Amino acid sequence: MVMQALSSGGTLGHHVRTMSNVSISDEAAIQRRAGLSWEWFEELFAEVLRPRAQHECHPLSFYHGHRLLGVDGSQWSLRNTRAIGSRAGARHRNASREAAFYKFSGAVLVELGTHQPLAAARGLPCAQGMAGELTLARELLGSIPKKEDTLLLADRYYGSARFIADVRHAAGARCQLLVRVKSSCKTRVLDKLSDGSALVETRVCQPGTTRPAGTLQLREIRGEVWRQPSQKDQEGEMAPPERTEVRLWTTLLDEQKHPAVELLALYAKRWEQELFFGELKRHTGRQHLMRATTLEGAETEFGANILAASLLAAHRVKTAQSVSLEPVRISVDKIGSALEALLPVLSIAGSLITARQRQGIITKFLEHMARESIIRPRRARTCQRGVRKPQDSWPRIHERSSRNGHFEFKLIPW
C-alpha cells in the first residue's frame, strides 16, 4: 500500500506482486485490503510514528530544548461513486452552492523541521455530518510526547482557551503552546512585561457551551509581519509593504528566557504544517481526487499516505545528514521518485545478489540521491509576479506585485 501511495500509477495487486514476488490477483489484493480497519492503522501509527529530529543534528526542529510540533487539518475530494454517495449524505455547502465532490477530512500531528507525522485522525462524510477539524485534532493530543519538552504551534482556528486547556490536560505540563488568536478574543491584562508582551487572563468555557469553567493565564504577544516589495512605483520609489497584524497566545510565561520578539519570529515555522499537506497530496498524486471508490478504501488510502510520508521523512533526514543540511533543504518529491525506482529493483533481485551487493547498491543510491535532492537557493526572479491576462470574468491585475527577501517582524509593545 505504501508503494502504491508513492507510485504515480498501478494497481494494488501490481505493487504487491512486484514487492513480494507473491502471485496474487488484483481482486484478491483489494479484498485483503478491505479487511484493514482504521483501528488497525491507529495501532500501527502508535508503533512506527516516532519523532526523528535530534538536538545536535536538527537545531531548527527545537526551540530552547522544546521539540517543535504542529497540528492542522485538511480535506480531500472523494469520487462521486454510488458506494460513497449512498452513505455520505448531503455534500458540503459553500455559501449557497453545493460542492461538486464529497469531502474526506484528516488532521495530522507533525514534527516541524523534518515533516515527520506523529499521529493522524480522519473524518468521513455521513448522514449525521462529518466530524470537524477541532474534533479530529483533539484525538491527536494524546500522541504528543510526554517524556520531553514540546512546543505546539497552531493557527487561528485553534486559538481558544478551551483548546489550550485540552492540550495541557491531554499532553501534560511539559507541552507548551504558541497559537495565533482572533482579534475578537477577550482577555484581562494582569501585567505588562518588560519585553513588550503582557500577562493576561482569559476565560475557559465548558466543552460545547459558553458556560465558564475557570480561567487561564497566558502571555499575549502582538506584532506586525511584512515582506519588503521588490518593485518601484511610478515615481521611482519603493511601494510601502503590506503589513499584517498578528496576535499570539503562549504558555511560555518567562519573558526573560523566551522574549516576545523570538516567539513572534518562531511562529513563522507553523507554515511548515501547510507545506506538509502540500507534499502529502503532491507526491502521492492526490491534489484533486482520492483514488478510492468507497469510504473504507478512502480510510485505507489515507492511512497508507501517512505511512508513505513517514518513510519519505526518514530518508529525507538520512539524506540531509549525509550532506550536512537541514531536512527542509532536501526535495521530498525527488526522494519519492527515487524510492519508486529503487524498491522494485531490490525486491525483484531477491536472491540474485548477495547481502553485501545489496548494501552496496543502497549506499551508492543514497549518495546519488543526496546529490540530486538538494534544493538550491532560489534565484532572483527575472519576471515579476502578479501578471495575468485572463479570458474569463475574473478581474484583471493591472499592477505588478512581487515580494523578495525574508519576512520581517515588528513587536507592538503594550
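The values are calculated or read from the model by the stated rules, or taken from the named source; none is laboratory data. No experiment lies behind these values; they were computed from the predicted model shown. Here the Cβ positions follow ideal geometry from the backbone for every residue, glycine too, while neighbour counts run over all protein chains shown.
A few comments on the model shown:
- Yes/no for Arg17 being more than 27 Å from Val261 (Cα to Cα) and part of a loop (DSSP other than H, G, I, E, B): no
- Residue within the range 146-167 that is among the hydroxyl-bearing types (Ser, Thr, Tyr), out of contact with any Cys (no Cβ under 9 Å at 6 or more places or on another chain), surrounded by 15 or more Cβ atoms within 10 Å (Cβ to Cβ) and over 20 Å from Thr209 (Cβ atoms) present: no
- Scanning the range 168-188 for residues that are within 14 Å of Leu216 (Cβ to Cβ) and surrounded by fewer than 15 Cβ atoms within 10 Å (Cβ to Cβ), we see that the one that is farthest from the chain's Cα centre (by Cα) is Arg188.
- Qualifying residues in the range 11-56 (those that are in contact (Cβ under 8 Å) with a residue 60 or more places away in the chain and basic (Lys, Arg)) - the one farthest from Ala298 (Cα to Cα): Arg52
- When the range 292-308 is filtered for residues that are in contact with a strand residue (DSSP E or B) (Cβ under 8 Å, 6 or more places away or on another chain) and within 15 Å of Glu47 (Cα to Cα), the ones remaining, listed by number, are Gly303, Ile306.
- Scanning the range 265-281 for residues that are surrounded by fewer than 18 Cβ atoms within 10 Å (Cβ to Cβ) and under 19 Å from Leu60 (Cα atoms) yields Ala265, Ala268, Trp271, Glu274, Leu275.
- Residues in the range 42-69 that are part of a helix (DSSP H, G or I), at pLDDT below 90 and touching a Gly at 6+ places or on another chain (Cβ under 6 Å): Leu60 alone.
- Tabulated pairs, the range 144-167, first over 15 Å from Tyr63 (Cβ atoms) and touching a residue at least 12 places away in the same chain (Cβ under 8 Å), second in a strand (DSSP E or B) and among the aromatic types (Phe, Trp, Tyr), C-beta under 9 angstrom, 6+ apart or interchain: Gly159/Trp249; Ala161/Trp249; Ile164/Trp249
- Close pairs (8 angstrom Cβ cut-off, 6 or more residues apart or separate chains): without any contact (Cβ under 8 Å) to a residue 12 or more places away in the chain in the range 185-203, surrounded by 16 or more Cβ atoms within 10 Å (Cβ to Cβ) anywhere: Asp191/Ala198; Asp191/Leu199
- In the range 247-264, the count of residues that are surrounded by fewer than 12 Cβ atoms within 10 Å (Cβ to Cβ), in contact with a strand residue (DSSP E or B) (Cβ under 8 Å, 6 or more places away or on another chain) and not in a loop (DSSP other than H, G, I, E, B) is zero.
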